[in-house]
Amino acid sequence: MADTARGKVSMVPVVTIAADSDTDTVDAIHHDIKQRLGGNLEYEKADACDRWFYDSAKTLSGGMADLISGNFTDSGTVDADADKVHFLYVRHTGVDSSGDASTADMYINFDAGAAASTDSVVIGANESFIVKLKATPVGHIHAKPASGEIVAEVVAIIDDDSCTT
């Protein structure tokens, strides 16, 4: 059995119905959608060249930076230009590198642009993001905090271009 990244995604479309003279404010599932939504997300490694990457404490501060840098979990260095990401999980830990609370949003961009408040994925404190990608170059995935500093947890499956099977 090949290594596999498995995840679940779910959401509840909630609307808040304002209080009036006879009722309290109440949250309800949106009347047009009428259900909770969700499904599975799975990526199975294609071959031995698909390798795991893990960074439990990726510190982001100031301007744009590559979200993924460093070594694979077994050995070898990730190549930002040649290696391609197939699966990505990111969690905003809600703290900075000192362990102090950080409530700043985290922005992720997938086209080598400057991650900013527009055209980016937004991850709030203590939130996570999971996605399957079609061979996105490592160096095209940029991230930054909206302000200050944040620490993120990053897990990926990356096709190692220098690998030969």
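Assorted remarks:
- Gaussian network model of the chain, springs between alpha carbon atoms under 10 Å - residue of Ile33, Ile141, Ile68 with greatest fluctuation: Ile33
- Estimated FRET transfer efficiency (Ala65, Val14; beta-carbon r; R0 45 Å; 0.05): 0.85
- The GNM of the chain, with springs linking C-alpha atoms under 10 angstrom apart, assigns the highest mean-square fluctuation among Ala48, Ala19, Ala28 to Ala19.
Read-outs throughout are calculated quantities, based only on the coordinates presented, and are distinct from any laboratory measurement. This one's a predicted model, so the numbers in the text were calculated from it and none came from an experiment. Note that we place each Cβ from the backbone using ideal geometry, even for glycine, and neighbour counts take in every protein chain shown.
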